[in-house]
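Q: Dropping a structure here in C-alpha cells format, bear with me for questions.
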Amino acid sequence: MSRKNIVLIGFMGSGKSMVAKRLAEILERDAVSLDDLIEAKEGRPIKQIFAESGEAYFRGREKEAVKEVAGKESLVIDCGGGVVLNPQSMAKLKANGILIFLSATAETIYARVKDTKKRPLLNIKNSKARINELLKERQPLYAQADHTVITDNKTVDEACREIIAHLGHD
Ligand code: S3P
C-alpha cells in the first residue's frame, strides 16, 4: 500500500473519528485527529474555542493543523467537517493523501449528533435545518474526494473494509 496519507473528510457525525481509529489499527498506521491536535495546542475544547474566539479563529488554527500534518507520510488523518472550506488546506491534503469522503444522510447525521453538545455549529435550536443547509453547501466540496463511502447503516468495520477495497485499486 502506498505511503500516502489516508484523509477522511465528511460532515460532522459521518463517522470519521471512529473509522479513522479503527482503520489505523487495521493498517498499523498512526491516526491523527485535526480537532484533537487543535484542542491540545489551544488547551481548550473546540466548543470553548468557538465560544471565546469565534469560528474564524478556529479556522485559522485548523489551517495550521493541516499544514503541520499534511506533509507527513502513512497517516490516517481525521479532519473536522469544515476542513473542505479552505482550498489551500484541501490542496495540501490532496498533494500527499488519498481523500475518502464518508457520506451520510441528514437524517443519519441528526440521529448521531442530536444528543452531543460538543459541536458548536449544531448546538442550536433548529439543528435539523442547519444540517440540511450546511450539507447542501458543502456537498460539492466533499465531492472532491477520490472515493466516497456511504456510512448510513454500516458498522465501523464495514466502512473500513470498503475503504481498504478502494485503496487496493489505487
Ligand atoms: C466542524 C466540525 C467539527 C469541528 C468543528 C467544526 C464543521 O469536527 O471541527 O466543530 O465545521 O463541520 P467533526 O466533523 O469531527 O465533528
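Q: Can you pull out every residue in the range 123-152 that is of a type outside the set (D, E, K, R) and either closer than 16 Å to Lys94 by Cβ or free of Cβ contacts under 8 Å to residues at least 12 places away in the same chain (or both)?
A: Within the range 123-152, Ile124, Asn126, Ala129, Gln139, Pro140, Leu141, Tyr142, Ala143, Gln144, Ala145, His147, Thr148 qualify.
Q: In addition: I'm told Asp157 meets every condition in (1) touching a Phe, Trp or Tyr at 6+ places or on another chain (Cβ under 6 Å); (2) touching a residue at least 60 places away in the same chain (Cβ under 8 Å) except one. Can you identify the failing condition by its number?
A: The number of the failed condition is (1).
Q: Any idea which residue in the range 4-22 is nearest to the ligand (Cβ to nearest atom), counting only those that are over 12 Å from Ile150 (Cα atoms) and polar (S, T, N, Q)?
A: It comes out as Ser17.
Q: Does Ser89 satisfy the criteria of being touching a Lys or Arg at 6+ places or on another chain (Cβ under 7 Å), among the hydroxyl-bearing types (Ser, Thr, Tyr), within 14 Å of the ligand (Cβ to nearest atom) and within 15 Å of Ile9 (Cα to Cα)?
A: yes
Q: How many of the residues making up the range 18-77 are more than 18 Å from the chain's Cα centre (by Cα), over 24 Å from Gln88 (Cα atoms) and either assigned to a loop (DSSP other than H, G, I, E, B) or modelled with pLDDT under 95 (or both)?
A: 3
Q: How many residues are part of a loop (DSSP other than H, G, I, E, B) and aliphatic (A, V, I, L, M) when one looks only at the range 78-93? Spell out the reasoning first.
A: Keep residues of the range 78-93 that are part of a loop (DSSP other than H, G, I, E, B), which gives 79-82, 86.
Those still in the list that are aliphatic (A, V, I, L, M) too: none.
Adding up the residues that qualify gives 0.
Q: Let me ask another. Identify all residues within the range 73-104 that are more than 22 Å from Arg22 (Cα to Cα) and among the polar types (S, T, N, Q); write none if there are none.
A: Answer for the range 73-104, where residues must be more than 22 Å from Arg22 (Cα to Cα) and among the polar types (S, T, N, Q): Asn86, Gln88, Ser89.
Q: Just checking, how many residues over the range 95-109 are in contact (Cβ under 8 Å) with a residue 60 or more places away in the chain and either part of a strand (DSSP E or B) or not polar (S, T, N, Q) (or both)?
A: 9
The values are calculated or read from the model by the stated rules, or taken from the named source; none is laboratory data. Note that the structure is a prediction, hence the values are computed from the model and not measured. With ideal geometry, Cβ positions are generated from the backbone for all residues, glycine too; neighbour counts draw on all protein chains shown.
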